[in-house]
Amino acid sequence: MTARSEKTARPVVRVENLVKRYSKKKLAGPGAEVRALDGVSFSILKGTTLAIVGQSGSGKSTLALCLACLEKATSGSIWFEETDITQLTEKEYRRIRRQIQLIFQDPVNSFHASWTMLEILTEPLALQGNVRRDEMRARAHVLLEQVGLSPEMEGRIPAELSGGQRQRLAIARALTLEPKLLILDEALSALDCSVQAQIANLLLELQDSLGMTCLFISHDLAMAAHLADEIAVMSRGQIVEQGPPDKILKEPESRVTRELLAAVPRLNFSRPGMAES
Ligand SMILES: Nc1ncnc2c1ncn2[C@@H]1O[C@H](COP(=O)(O)OP(=O)(O)OP(=O)(O)O)[C@@H](O)[C@H]1O
Ligand SMILES: [Mg+2]
């Protein structure tokens, strides 16, 4: 039996009938609202990845923000292990905050601008207080290598990095604390293909070694299929289709899924505009 097939059947996350409405009073008059999430339910088993795919504006980032407690849901529940995190006070949430890490597409504002890469990577461990400095530095170096960055860059600040390097730093930082749930919101989208593949494989390795659970949000159905055990397709704040990657790729049921499939160049062999030879 492979490690991947030994996953336990225990959900780490269970979302029930989640609704998030934003009011847009300023633009459309009093009472007008956007239903960014309109009754979303799913669970993610420990050690597995659920990919959420969907077109722009379908509610993916809103879902990520609610799961990371950065937005408050209008109604519904989000169970993280035994706790409904929609009901937590700020103080209670601080206890579990480290176990849920969210990485965005552009992490530029999530770093202290004057901190070096080494400081950024060791600060979460330093806060724990029981890890020696040389040990923290060694761990930071391992993480940097894992995400394809050189430990020799440890003294650089975020402004001295390219967009792709900053993204890899954000991923390394999120992994420092070995979170139980890692949410990636288009976190690989801006990286070039070889780095995407390297980080995708790192995520798969970490799942096997740490039993980490992932929510992977993307426009890219091919990458979602590579990484995920299950894919959920969102449209207008709802999950319109959910199933194993094979099923979604080969027998898509909804129009939205077929449109997303058509947009995947790696699955679409007859590229428009290419002369046949
Ligand atoms: N803070 C906000 N205030 C008002 N409306 C919002 C807010 N955030 C999101 N929305 C609206 O909620 C809907 C869902 O947005 P969301 O950002 O979750 O989409 P998305 O699927 O992540 O899109 P993308 O693929 O472009 O990132 C959109 O109609 C959006 O305009
Ligand atoms: Mg988004």
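Here, each number is a calculation from the coordinates, and none is a lab measurement. Computed from a predicted structure; not experimentally measured. Using ideal geometry, Cβ is built from the backbone for each residue, glycine included, and neighbour counts are taken over all protein chains shown.
Explain nothing, just the number: relative contact order of the chain, from Cα pairs under 8 Å at least 6 residues apart, as a whole percent.
25 percent
In the range 19-96, what is the volume of the convex hull around the alpha carbon atoms, normalised per residue and reported in Å³?
113 Å³
Give me the net charge for the shell around PRO252: Cβ to Cβ below 10 angstrom, other residues only, Lys and Arg +1, Asp and Glu -1.
0
Determine the gain in length on full extension of the stretch GLU81-ARG35; use 0.36 nm per residue of separation and subtract their C-alpha separation, reporting nm with one decimal.
13.9 nm
If you find the alpha carbon centre of the range 211-243 and of the range 92-164, how far apart are they in angstrom?
First find each Cα centre; the distance between them is then 27 Å.
Helix check for the chain. Which DSSP H runs span at least 24 Å along their own axis by Cα, with a mean Kyte-Doolittle hydropathy no less than -0.5?
Going by DSSP H runs, the hits are 193-210.
Antiparallel as a % of all DSSP beta bridges within the chain, to the nearest 5?
About 55 percent, rounded to the nearest 5.
So who's got an amide H within less than 5 Å of the one on GLY39, skipping anything under 5 residues away but keeping other chains? H placed 1.01 Å off N, in plane.
For GLY39, the qualifying residues are LEU18, VAL19, LYS20.
Tell me which residues come under 5 Å, amide H to amide H, from LEU102 once H is placed; ignore anything under 5 positions away on its chain.
The list, which skips near neighbours in sequence, is ILE183.
What does the extension gain come out to for LEU127 and GLU145, with contour length at 0.36 nm per residue minus their alpha carbon separation?
Between LEU127 and GLU145, full extension yields 4.2 nm more.
Starting from the amide H of GLU241, placed 1.01 Å from N in the peptide plane, find each other amide H under 5 Å away whose residue is 5 or more places distant or on another chain.
Amide H neighbours of GLU241: VAL233.
Using 0.36 nm per residue, how much length does the chain from LEU204 to SER56 gain when fully extended, once their Cα-Cα distance is taken away?
50.7 nm
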